[in-house]
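First up is the structure itself, then whatever we jot down about it.
The values are calculated or read from the model by the stated rules, or taken from the named source; none is laboratory data. Please read these numbers as outputs of a predicted model, since none were measured by experiment. Quick reminder, even Gly has a Cβ in these numbers, built from the backbone with ideal geometry, and neighbours come from all protein chains shown. All accessible areas refer to the heavy atoms of the entire protein, side chains included, with ligands and DNA or RNA removed. Shrake-Rupley method; radii C 1.70, N 1.55, O 1.52, S 1.80 Å.
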Amino acid sequence: MSLVVEVVRSGFVESRHQVRMLTVDADGRPVEAHGAVHVPASPRSSMKPLQVLGMLRSGLDLEGELLALACASHSGEPFHLDGARKILAGAGLDESALLCPEDYPEDRTVTQRARVHMNCSGKHAAMLATCAANDWPLATYLEPAHPLQRAIRATVEELTGERVAATGVDGCGAPLHFVSMAGTARAFRAFPLGEAGSSERRVYEAMTAHPEWTSGTHRPETALMRAVPGLMLKAGAEGFEAFALGDGRAGVVKVEDGASRARTPVTVAALGSLGVEVPDPPATPVLGGGGVVGEIRLQRA
């Protein structure tokens, strides 16, 4: 069986997105699998919880909202920007140390590009804070051979149970590790199943307690995490998303053509395959002339 997300406008299917999906039960056994879930994929920002875990293990000292922000692909709301600056200030740094690209935030009233506006600035601030705590070089913190990036890669390989298939460059400039969707699901299970007080558990508790800090106030990821208690969810670019529940159930989705608009309906279906009903799931309407003229929906073929 294949999964396809259809974009329906005025009763006609105008686009289709092919999807891969994997869900596993509380013991890590596959529940539903579609597509090539065991071949290397590009998780993009879905890897941020693993990257932050590598930082915590290397001495990063963050809790609560700021720890959630380190895991974020944020919308650039004022509290996100203030949080990134606070992480930097705690390490005796300011935003001039950031090496992520300049960008505009989602806030349409802001017309100036800045590195702190970039959606990964919380992660980059945390990377710099980790380097400062270890007296590691700051100017080269994005290089794969840097001690920070070596520690992160080791953490990714440990939690996924796989050797990194390849390393590229993510949109923010940080190393991007290619692993399978199955390995990603295995890694996400480690966070809720971590012992109390462990670094894994600290990441899980920060993300689930502060979902708006991991994405944005009005983002579908935040809506899903608020609707499903104990859901840790992290979206990535190019249609990737991964999640875990408090008992170790987990799932990963990948939209083959990278369309982010297809992601939420598949994630809702993935949760459903694990027996989780999402009350009032985030709407995915198709608009025309300022009104709703269709929907984005999942079809099983």
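Accessible surface ranking for ARG16, ARG108, 1.4 angstrom probe, highest first: ARG108, ARG16. Taking the protein heavy atoms of the range 1-105 in the context of the full set of protein chains, the accessible area attributed to carbon and sulfur is 51 percent at 1.4 Å.
With one equal scatterer per alpha carbon and no solvent term, the Debye-computed log10 I(q)/I(0) for the chain at 0.08 1/Å reads -0.33.
Note that the range 170-239, at 4 °C in a medium of 1.567 mPa s, gets a Stokes-Einstein diffusion coefficient of 97 µm²/s from its Kirkwood radius over C-alpha pairs. Rolling a 1.4 angstrom probe over the protein heavy atoms with all chains in place gives the chain an accessible area of 41 Å² per residue. Angle of helix 263-273 to the longest C-alpha principal axis of the chain, folded into 0 to 90 degrees and rounded to 10: 80°. Considering the range 174-293 at the alpha-carbon level, its Rg and Dmax are found to be 14.8, 52 Å. In this simple spin-label approximation, ALA301 and ALA196 carry label points 7 Å from Cα along the Cα→Cβ vector, and these lie 5.0 nm apart.
Mind ranking 157-170, 288-301, 253-266 by how tightly packed they are, going by the mean number of other C-beta atoms within 10 angstrom, highest first? If you can, show how the numbers build up before the last one.
On the way: 157-170: 15.6, 288-301: 12.6, 253-266: 21.5.
With the highest mean Cβ count within 10 Å placed first, the list reads 253-266, 157-170, 288-301.
The long axis of helix 121-134 is offset from the longest Cα principal axis of the chain by roughly 30 degrees. Between the helical axis of 147-160 and the longest alpha-carbon principal axis of the chain there is an angle of about 40 degrees.
For the peptides 52-62, 216-226, the ranking by mean Cβ contacts within 10 Å, running from highest to lowest, is 52-62, 216-226.
What does the highest-first list of 148-155, 272-279 look like by mean Cβ count within 10 Å?
Values: 148-155: 20.4, 272-279: 13.8.
So the order, starting with the most tightly packed, is 148-155, 272-279.
For the range 29-104, GluC sites (Glu not before Pro) meeting the loop criterion (DSSP other than H, G, I, E, B) and having at most 13 other Cβ atoms within 10 Å: GLU63, GLU102.
In deg cm²/dmol, rounded to 500, what helix-only [θ] at 222 nm does the chain give when every DSSP H run of at least 4 residues adds -39500 (n - 2.57) and the total is split over its residues? When only DSSP H runs of four or more count, the value is -10000 deg cm²/dmol.
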